[in-house]
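Novice: Supplied in structure tokens, the structure appears directly below.
The values are calculated or read from the model by the stated rules, or taken from the named source; none is laboratory data. Everything numeric here is computed off the predicted structure, so don't read it as measured data. Every residue, glycine as well, gets a Cβ built from its backbone with ideal geometry; the counts of neighbours run over all protein chains shown.
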Amino acid sequence: MKDASCAQHDPEWWFPIEVGGTKAWSRTPEAMMARKICATCPAFDECKDYSLRFDNIHGIWAGLDRHERRELQEQSGIKPESFSDSYRPFMEYVQRAGRNG
């Protein structure tokens with residue numbers, strides 16, 4: 001994850017406040033910039049794999065919002081795991097990696 005392009009930018013571009021469960025947040029200028037950055041990210045495949053493994057992850061991952069990921073999971077027959085069981089360890093890892101360079 002240290003090679004991920006998103007680590008060099010404002011995290012709110014990827015994790016804005018989602019209001020009312022709509023897709024509008026994922027089409028803001030910042031979110032669209034995040035999507036463009038994702039498209040050229042060296043960690044794109046790992047990010048996409050991770051985001052498709054789990055259910056209802058918030059934010060933009062591999063250029064996809066949660067609605068788009070859900071659709072891709074359904075099309076691909078992926079049965080996502082519970083996100084709540086996986087989120088904390090992942091975010092703790094990201095925070096440690098950020099502190100350690």
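Novice: Please enumerate the residues belonging to segment 48-65 that are under 21 Å from GLU30 (Cα atoms) and aromatic (Phe, Trp, Tyr).
Specialist: Within segment 48-65, just TRP61 meets the criteria.
Residue-by-condition table, conditions (1) at pLDDT 90 or above; (2) crowded, with 17+ Cβ neighbours inside 10 Å; (3) part of a loop (DSSP other than H, G, I, E, B); (4) over 11 Å from the mean Cα position of the chain (by Cα):
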| residue | (1), (2), (3), (4) |
| --- | --- |
| ASP3 | no, no, yes, yes |
| THR22 | no, no, yes, yes |
| TRP25 | no, yes, no, yes |
| MET33 | yes, no, no, yes |
| ILE37 | yes, yes, no, yes |
| CYS47 | yes, yes, no, no |
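Novice: Within segment 49-71, how many residues are exposed (fewer than 15 other Cβ atoms within 10 Å of the Cβ) and touching a His at 6+ places or on another chain (Cβ under 7 Å)? Explain how you work it out, then say what you get.
Specialist: Step one: of segment 49-71, the residues exposed (fewer than 15 other Cβ atoms within 10 Å of the Cβ) are 49, 56, 67, 71.
So of that shortlist, the ones also touching a His at 6+ places or on another chain (Cβ under 7 Å) come out as none.
Qualifying residue count for the region: 0.
Novice: Further, regarding this structure: Here are the criteria: (1) part of a helix (DSSP H, G or I); (2) at pLDDT 90 or above. Tell me which single one ALA7 does not satisfy.
Specialist: (2)
Novice: Taking the condition of being assigned to a helix (DSSP H, G or I) and modelled with pLDDT of 85 or more, how many residues in segment 54-101 meet it?
Specialist: Residues flagged as assigned to a helix (DSSP H, G or I) and modelled with pLDDT of 85 or more within segment 54-101 amount to 11.
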